[in-house]
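Peer 1: Below you will find the structure I want to go over with you.
The values are calculated or read from the model by the stated rules, or taken from the named source; none is laboratory data. Owing to the predicted nature of the structure, the values given are computational and were not obtained by experimental measurement. Backbone-built Cβ (ideal geometry, glycine too); neighbour counts: all protein chains shown.
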Amino acid sequence: MAQQDDVFKKIVSHAKEYGFVFPSSEIYDGLSAVYDYGQNGVELKNNIKRYWWDSMTLLHENIVGIDSAIFMHPTIWKASGHVDAFNDPLIDNRDSKKRYRADVLIEDQIAKIDDKIAKEVAKAAKRFGEAFDEAQFRATNTRVLEYQAKRDALHERFSQAMNDNNLDELRQIILDEEIVCPISGTKNWTEVRQFNLMFKTEMGSTADGAMNVYLRPETAQGIFVNYLNVQKTGRMRIPFGIAQIGKAFRNEIVARQFIFRMREFEQMEMQFFVRPGEELKWFGQWKEWRLKWHKALGMGDEKYRYHDHEKLAHYANAATDIEFRMPFGFKEVEGIHSRTNFDLSQHEKFSGKKIQYFDPELNESYTPYVIETSIGVDRMFLSVLCSAYEEEQLPGGDTRTVLHLPAPLAPVKCAVLPLVRKDGLPEKAREIVDDLKFDFATHYEEKDAIGKRYRRQDAIGTPFCITVDHQTLEDNTVTLRERDSMEQTRVNIADLHTLIHDRVSLSALLRKLK
Ligand code: GAP
């Protein structure tokens with residue numbers, strides 16, 4: 001675990017050192033849980049968004065996109081339930097004056113027991129070597145069984161309290177478990193209170209009678225309230241989908257793990273409108289399509305798993321998360337929800353407008369049911385970064401830090417490097433850049449020894465380096481170095497375009513989704 005923490009720390013500092021992610025407002029000591037994307041980060045992020053957007057809008061002729069405003073009529077959030085129920089339970093420590101999420105304190109306590117079990121298993125695995133049977137050990141070892149029983153009981157009590165929205169019970173669990181504040185080390189806790197996660201601001205001047213508005217906590221409602229506009233103007237027939245990428249804001253009480261949980265973040269959401277009664281079929285279909293989208297990136301199938309929700313929100317009749325194995329464990333990256341007709345019906349009720357679909361095949365009108373796919377851009381970014389990062393031991397004892405980014409997502413696709421800064425090599429290299437730059441994000445670099453320049457490109461995940469040397473001037477060939485294998489091949493300049501395109505093009509990646 002400690003080793004994984006170290007790796008994560010290294011990834012965070014690498015992200016900063018190489019222009020991927022900076023803490024926001026850093027020269028003013030930062031702003032908690034808000035981050036800026038740097039020159040390489042924004043390219044990686046844009047490529048992730050392009051991959052998602054094209055997979056939705058190009059590959060499905062019945063999915064179209066929109067871009068709705070962040071500010072919306074405040075009644076929307078009443079209708080959606082966010083005003084009344086988009087809450088986290090918070091608790092304060094009276095001595096440190098620090099605020100925590102009560103549920104997170106308890107989840108951390110459960111994670112501590114999990115760690116103890118994992119340590120016992122790791123110790124035994126070391127002791128028994130090849131002969132170790134983990135399943136048998138977990139089923140028979142007394143200490144592990146004790147920990148497991150304690151964990152299960154705590155988990156059950158906690159789930160019950162959360163489901164019943166029982167704030168007193170949450171506090172009692174914290175007291176019974178003797179959970180202390182990590183800062184003050186004391187158990188001097190306040191009551192548990194509900195805390196609404198929406199940011200509120202005012203629109204219009206106070207003299208005119210300002211209106212309270214919210215920064216949207218999800219992009220989905222912008223889709224629901226535009227359902228009629230899109231259906232009518234696009235003459236869409238059910239089943240059809242509306243996709244959107246945009247910022248969302250949540251006043252997270254506990255914001256941590258870098259860009260995993262932020263106060264300002266970005267979502268890629270798609271609402272798929274279907275006939276009532278067909279939603280579970282479509283839910284299964286989207287579950288499968290979305291996992292395929294993730295796996296097509298080639299980051300390792302074993303890094304993903306579904307987490308089906310046992311307890312469902314009152315408006316959902318099925319829900320699952322796609323989890324990714326981050327250095328701090330399997331974590332949700334995307335949610336797929338069958339949201340019934342809850343949102344559209346609520347907007348119909350609160351707006352007084354009829355939001356229905358006339359189905360010509362059935363010759364009847366109904367409120368469509370909705371399957372939602374919702375993925376955080378920043379979490380996706382983090383999963384790609386964590387999976388790509390490697391401190392690689394090279395033959396001869398050398399090491400290099402490399403990002404094995406999926407090539408179509410890499411911020412820079414190729415770097416053109418003249419071997420020396422003289423003899424016409426820079427000019428020849430510039431000619432190559434001027435040709436490739438129309439199709440690929442291309443860097444030109446002439447400073448430092450060639451090995452150092454390769455390392456710099458490895459560190460930002462550039463799939464190809466093209467080295468121009470004296471032979472280039474004679475026969476129009478260059479050395480093409482591949483990032484992962486570090487293999488160098490002599491190729492004709494005329495072939496560069498095809499060779500690079502085959503590896504880095506987004507269309508090749510999209511074709512894997514067929
Ligand atoms: N419209 C449904 C919805 O918003 P959600 O599970 O609350 O569902 C969907 O959020 C996705 O948005 C999550 O799977 C996660 O990737 C991302 N997300 C949610 N809160 C986030 C936060 N505070 N920081 C970064 N990403 C977040």
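Peer 1: Filter segment 285-329 down to the residues that are within 13 Å of the ligand (Cβ to nearest atom) and within 14 Å of the chain's Cα centre (by Cα) and list them by number.
Peer 2: Arg290, His294, Asp321, Ile322, Glu323, Phe324, Met326
Peer 1: Which one is farthest from the ligand (Cβ to nearest atom), of the residues in segment 382-412 that are β-branched (Val, Ile, Thr) and in a strand (DSSP E or B)? Break it down stepwise before answering.
Peer 2: As a first pass, look at segment 382-412 and keep what is β-branched (Val, Ile, Thr): 384, 399, 401-402, 412.
Those still in the list that are in a strand (DSSP E or B) too: 399, 401-402.
Values: Thr399: 32, Thr401: 26, Val402: 26 Å.
Among residues in segment 382-412 that are β-branched (Val, Ile, Thr) and in a strand (DSSP E or B), the one farthest from the ligand (Cβ to nearest atom) is Thr399.
Peer 1: Would you mind stating whether Lys10 is under 26 Å from Ala459 (Cβ atoms), of a type in the set (Lys, Arg) and crowded, with 19+ Cβ neighbours inside 10 Å? Break it down stepwise before answering.
Peer 2: Numbers: under 26 Å from Ala459 (Cβ atoms): yes; of a type in the set (Lys, Arg): yes; crowded, with 19+ Cβ neighbours inside 10 Å: no.
Against the criterion (under 26 Å from Ala459 (Cβ atoms), of a type in the set (Lys, Arg) and crowded, with 19+ Cβ neighbours inside 10 Å), Lys10 does not qualify.
Peer 1: Of all residues in segment 212-242, count the ones that are in a loop (DSSP other than H, G, I, E, B) and of a type outside the set (Val, Ile, Thr).
Peer 2: Applying the first criterion (in a loop (DSSP other than H, G, I, E, B)) to segment 212-242 yields 216-219, 225-226, 234-239.
If we keep only those that are of a type outside the set (Val, Ile, Thr) as well, we get 216-218, 226, 234-237, 239.
So the count comes out to 9.
Yes/no matrix, rows are residues, columns are (1) out of contact with any helix residue (DSSP H, G or I) (no Cβ under 8 Å at 6 or more places or on another chain); (2) assigned to a helix (DSSP H, G or I); (3) under 20 Å from Pro217 (Cα atoms); (4) modelled with pLDDT under 95:
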{"residue": "Gln244", "(1), (2), (3), (4)": "no, no, yes, no"}
{"residue": "Pro276", "(1), (2), (3), (4)": "yes, no, no, no"}
{"residue": "Lys287", "(1), (2), (3), (4)": "yes, yes, no, no"}
{"residue": "Leu291", "(1), (2), (3), (4)": "yes, yes, no, no"}
{"residue": "Arg305", "(1), (2), (3), (4)": "yes, no, no, no"}
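Peer 1: Among the residues of segment 17-65, count how many are under 30 Å from His347 (Cβ atoms) and loosely packed, with under 15 Cβ neighbours inside 10 Å.
Peer 2: 4
Peer 1: Let me ask another. Is segment 210-231 home to any residue that is free of Cβ contacts under 8 Å to residues at least 40 places away in the same chain, more than 21 Å from the chain's Cα centre (by Cα) and more than 24 Å from Ile66 (Cα to Cα)? Walk me through how you get there before you give the answer.
Peer 2: First, pick out the residues of segment 210-231 that are free of Cβ contacts under 8 Å to residues at least 40 places away in the same chain: 210, 229.
Within this subset, residues satisfying the condition of being more than 21 Å from the chain's Cα centre (by Cα) are 210, 229.
Subsequent filtering for residues that are more than 24 Å from Ile66 (Cα to Cα) retains 210.
Looking through segment 210-231, at least one residue is free of Cβ contacts under 8 Å to residues at least 40 places away in the same chain, more than 21 Å from the chain's Cα centre (by Cα) and more than 24 Å from Ile66 (Cα to Cα).
Peer 1: Can you list residue pairs whose Cβ atoms sit under 9 Å apart, with the first residue in segment 332-360 being without any contact (Cβ under 8 Å) to a residue 24 or more places away in the chain and the second being assigned to a strand (DSSP E or B)? Count only pairs 6 or more apart in sequence or on different chains.
Peer 2: Sorted first by the residue in segment 332-360, then by its partner, the pairs are Lys354/Ser365; Gln356/Ser365; Gln356/Tyr366; Phe358/Glu364; Phe358/Ser365; Phe358/Tyr366.
Peer 1: Moving on. Hey, can you tell me all the residues within segment 250-274 that are aliphatic (A, V, I, L, M), modelled with pLDDT of 95 or more and within 11 Å of the ligand (Cβ to nearest atom)?
Peer 2: Across segment 250-274, the qualifying residues are Ile259, Met262, Met268, Met270.
Peer 1: Among the residues of segment 78-85, is any small (Gly, Ala, Ser) and buried (at least 19 other Cβ atoms within 10 Å of the Cβ)?
Peer 2: Restricting attention to segment 78-85, the residues satisfying the condition of being small (Gly, Ala, Ser) are 79-81, 85.
Keeping just the survivors that are buried (at least 19 other Cβ atoms within 10 Å of the Cβ) gives 79-80.
Yes, there is a match, as at least one residue in segment 78-85 is small (Gly, Ala, Ser) and buried (at least 19 other Cβ atoms within 10 Å of the Cβ).
Peer 1: So which residues in segment 479-514 are without any contact (Cβ under 8 Å) to a residue 60 or more places away in the chain and in contact with a strand residue (DSSP E or B) (Cβ under 6 Å, 6 or more places away or on another chain), if there are any at all?
Peer 2: Thr479, Leu480, Arg481, Gln488, Thr489, Arg490, Val491, Asn492
Peer 1: Looking for whichever is under 30 Å from Phe260 (Cβ atoms), among the aliphatic types (A, V, I, L, M) and either in contact with a helix residue (DSSP H, G or I) (Cβ under 7 Å, 6 or more places away or on another chain) or not in a loop (DSSP other than H, G, I, E, B) (or both) here; the options are Ile432, Ile371. Which one fits?
Peer 2: Ile371
Peer 1: Continuing with this model, one more query. So, of the residues in segment 365-381 that are among the hydrophobic types (A, V, I, L, M, F, W, C) and near the ligand (Cβ under 9 Å from one of its atoms), which turns out to be nearest to His347 (Cα to Cα)?
Peer 2: Taking segment 365-381 as the starting set, the residues that turn out to be among the hydrophobic types (A, V, I, L, M, F, W, C) are 370-371, 375, 377, 380-381.
In the following step, the residues that additionally are near the ligand (Cβ under 9 Å from one of its atoms) were identified as 375, 377, 380.
Numbers: Ile375: 23, Val377: 27, Met380: 31 Å.
Within segment 365-381, the match that is nearest to His347 (Cα to Cα) is Ile375.
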